[in-house]
1. Can you tell me which of (1) buried (at least 17 other Cβ atoms within 10 Å of the Cβ); (2) out of contact with any Leu (no Cβ under 8 Å at 6 or more places or on another chain); (3) at pLDDT 90 or above is the one A214 doesn't meet?
2. Out of the residues in the stretch 130-156 that are open to solvent by 30 Å² or more (accessible area, probe 1.4 Å) and farther than 29 Å from D114 by Cα, which is modelled with the highest pLDDT?
3. Quick one: which residue in P223, P185, P159 is assigned to a loop (DSSP other than H, G, I, E, B) and at pLDDT 90 or above?
4. Residue check, D167 against (1) in contact with a helix residue (DSSP H, G or I) (Cβ under 9 Å, 6 or more places away or on another chain); (2) open to solvent by 80 Å² or more (accessible area, probe 1.4 Å); (3) at pLDDT 90 or above, all met but one. Which one?
5. Would you say T94 is of a type in the set (S, T, N, Q) and out of contact with any Ser or Thr (no Cβ under 9 Å at 6 or more places or on another chain)?
6. In the stretch 174-206, how many residues are of a type in the set (K, R) and at positive phi?
7. Any residue at all in the stretch 4-19 that's on the phi > 0 side of the Ramachandran plot and either assigned by the TED database to the domain that holds D108 or of a type outside the set (G, A, S) (or both)?
8. What are the residues in the stretch 2-12 that are surrounded by fewer than 21 Cβ atoms within 10 Å (Cβ to Cβ) and farther than 15 Å from A85 by Cβ, if any?
Amino acid sequence: MRVVIAGAGSVGRSIARELLHNGHQVLLMDRERKDVQASKIPDANWLLADACEITALHEAGLAECDVVVAATGDDKVNLVVSLLAKTEFGVPRTVARVNNPKNEWMFDEAWGVDVAVSTPRLMTALVEEAVSVGDLVRIFQFQQGKATMVELTLPPESPYAGKRVGDVDFPGETVLVGIIREDHPIAPSRDDSLEPHDELLFISTPEFEDELEAMLSPGQRVPRNEE
């Protein structure tokens with residue numbers, strides 16, 4: 001897979017290292033000369049250029065790449081890069097970094113963003129996931145299709161504690177995709193049971209999140225305010 005990363009700061013370089021380790025081809029581009037240093041990641045290709053300029057994106061070979069990652073520290077730049085990648089070069093997949101959570105609402109398909117990654121929101125979700133029992137925590141949102149990955153630690157008083165997965169009628173567009181029990185992952189089958197303190201991982205949609213939480217953890221639900 002060929003990946004172009006706009007933004008060669010610490011975030012962009014970290015992504016590049018992981019992708020290179022997994023055998024992918026990576027080009028890092030940045031307009032700041034101090035960040036474009038091939039010695040930092042010698043296995044990557046490097047380009048000193050402004051990723052918001054069409055000529056620079058042509059030089060980076062976006063028409064032949066599989067994924068564009070907009071990883072700069074400027075949300076405006078990340079939106080422009082994503083939009084140009086989709087509309088001008090037909091890149092199959094775009095991933096954009098969200099620096100300011102107030103700007104999250106813009107990072108959608110209208111701006112050419114397939115997946116938006118908000119570090120503040122992700123860190124908040126991980127903190128909540130570590131300490132919350134009975135509260136639904138949104139771990140990740142997939143921009144295409146508006147699906148979400150959510151987690152809930154099943155409280156002992158849940159009416160579904162001890163029930164077979166096959167006997168539970170989850171809300172529409174909600175799929176149980178994983179159970180973590182005593183630090184061990186389980187691929188749930190119909191015959192597996194839901195046990196107190198299981199960490200349940202679901203793929204769902206925002207409109208069913210409150211219903212899912214009310215069902216598994218009645219009395220603890222706090223309705224979410226969508227921005």
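1. (1)
2. First, pick out the residues of the stretch 130-156 that are open to solvent by 30 Å² or more (accessible area, probe 1.4 Å): 130-131, 133, 135, 138-142, 144-146, 149, 156.
From the residues that got through so far, the ones that are farther than 29 Å from D114 by Cα too are 131, 133, 156.
On the way: V131: 48, V133: 73, P156: 90.
For the stretch 130-156, the residue satisfying everything is P156.
3. Values: P223 fails: at pLDDT 90 or above; P185 fails: assigned to a loop (DSSP other than H, G, I, E, B).
Just one listed residue meets the conditions, P159.
4. In the conditions (1) in contact with a helix residue (DSSP H, G or I) (Cβ under 9 Å, 6 or more places away or on another chain); (2) open to solvent by 80 Å² or more (accessible area, probe 1.4 Å); (3) at pLDDT 90 or above, D167 misses (1) alone.
5. Spelling it out, it is not the case that T94 is of a type in the set (S, T, N, Q) and out of contact with any Ser or Thr (no Cβ under 9 Å at 6 or more places or on another chain).
6. At the first step, the residues of the stretch 174-206 found to be of a type in the set (K, R) are 181, 190.
From what is left, the residues that are at positive phi are none.
Number of matching residues: 0.
7. Filtering the stretch 4-19 down to residues on the phi > 0 side of the Ramachandran plot leaves 7.
Next, from what is left, pick out any that are either assigned by the TED database to the domain that holds D108 or of a type outside the set (G, A, S) (or both): 7.
Looking for residues that are on the phi > 0 side of the Ramachandran plot and either assigned by the TED database to the domain that holds D108 or of a type outside the set (G, A, S) (or both), one finds at least one in the stretch 4-19, hence yes.
8. We begin by selecting, within the stretch 2-12, every residue surrounded by fewer than 21 Cβ atoms within 10 Å (Cβ to Cβ); these are 2, 9-11.
Those that are surrounded by fewer than 21 Cβ atoms within 10 Å (Cβ to Cβ) and farther than 15 Å from A85 by Cβ: G9, S10, V11.
The values are calculated or read from the model by the stated rules, or taken from the named source; none is laboratory data. Model, not experiment: these values are computed from the prediction. Cβ: placed from backbone, ideal geometry, glycine included. Neighbour counts: every protein chain shown. Side chains included, ligands, DNA and RNA excluded: accessible areas come from the protein's heavy atoms. Shrake-Rupley method; radii C 1.70, N 1.55, O 1.52, S 1.80 Å.
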